[in-house]
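First comes the structure, then the notes that go with it.
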Amino acid sequence: MATPIELDDRGIIVSCASCGQKNRLAFTRLADTVRCAKCKGELAPPAAPMEIGTSADFDRLIAHASIPVVVDYWAPWCGPCRMVAPELEKVAARSAGRWLVVKVNTDALADLGARFGIRSIPTLAVFSGGREVSRASGARPAADIERFVAAATEVAHH
Ligand SMILES: [Zn+2]
């Protein structure tokens, strides 16, 4: 089960693994090392897929994230989506601090699915610099997802 993402106007809110203090990872500094405001320990970047709660959260994150955002459009009734979920967990763990992996439940956030023209699920999309740079539909293993995202972000940078 993906962790619900908690956002404010400026960043992602995470709890410090050492002391529990809530800290903000600014959208614009997601690639930077951030220290806990309370214990000064280094905060680990998000290393698991995070579930998007509202379309407004999605828009804010996509518009401001300083690292590419990998979006998994899924729904609870979709069998292949359940196969992708553990693969995405591997991708999120291995790419922490480099990419952000989020999940959009297209049943709960039907407006996002409609706005981005998601016709089948699972669909994976990569957003970089505020826009979608690549998309692929269908289930695939973690290594394939990583190749897909790496290729998408390479293109975005050149
Ligand atoms: Zn702390």
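The values are calculated or read from the model by the stated rules, or taken from the named source; none is laboratory data. Remember, it's a predicted structure, so these values are computed and weren't measured experimentally. Don't worry about glycine lacking a Cβ; one is built from the backbone with ideal geometry, like all the others, and counts go over all protein chains shown. Quick note on the areas: whole protein, heavy atoms, side chains included, nothing else; ligands and nucleic acids left out. Shrake-Rupley method; radii C 1.70, N 1.55, O 1.52, S 1.80 Å.
A few remarks follow.
- Selected residue (criterion: nearest to Met50 (Cα to Cα)) from residues of segment 83-97 that are open to solvent by 30 Å² or more (accessible area, probe 1.4 Å), in contact (Cβ under 8 Å) with a residue 12 or more places away in the chain and touching a helix residue (DSSP H, G or I) at 6+ places or on another chain (Cβ under 9 Å): Glu89
- Looking only at segment 1-42, and only at residues there that are open to solvent by less than 30 Å² (accessible area, probe 1.4 Å) and either within 24 Å of Glu87 (Cα to Cα) or touching a Pro at 6+ places or on another chain (Cβ under 8 Å) (or both), the one that is nearest to the ligand (Cβ to nearest atom): Val14
- Residue within segment 98-119 that is modelled with pLDDT under 95, more than 14 Å from the chain's Cα centre (by Cα) and not in a helix (DSSP H, G or I) present: yes
- Unique match (being touching a strand residue (DSSP E or B) at 6+ places or on another chain (Cβ under 8 Å) and surrounded by 21 or more Cβ atoms within 10 Å (Cβ to Cβ)) among Val101, Val133: Val101
- Residue that is away from the ligand (no atom under 16 Å from the Cβ) and either among the basic types (Lys, Arg) or within 19 Å of Gly129 (Cβ to Cβ) (or both), where the choices are Ser55, Ser95: Ser95
- First in segment 38-60 and closer than 25 Å to Asp107 by Cα, second anywhere and charged (D, E, K, R) and not in a loop (DSSP other than H, G, I, E, B), Cβ under 6 Å, 6 or more apart: Pro49/Lys103; Glu51/Lys103; Ser55/Asp111
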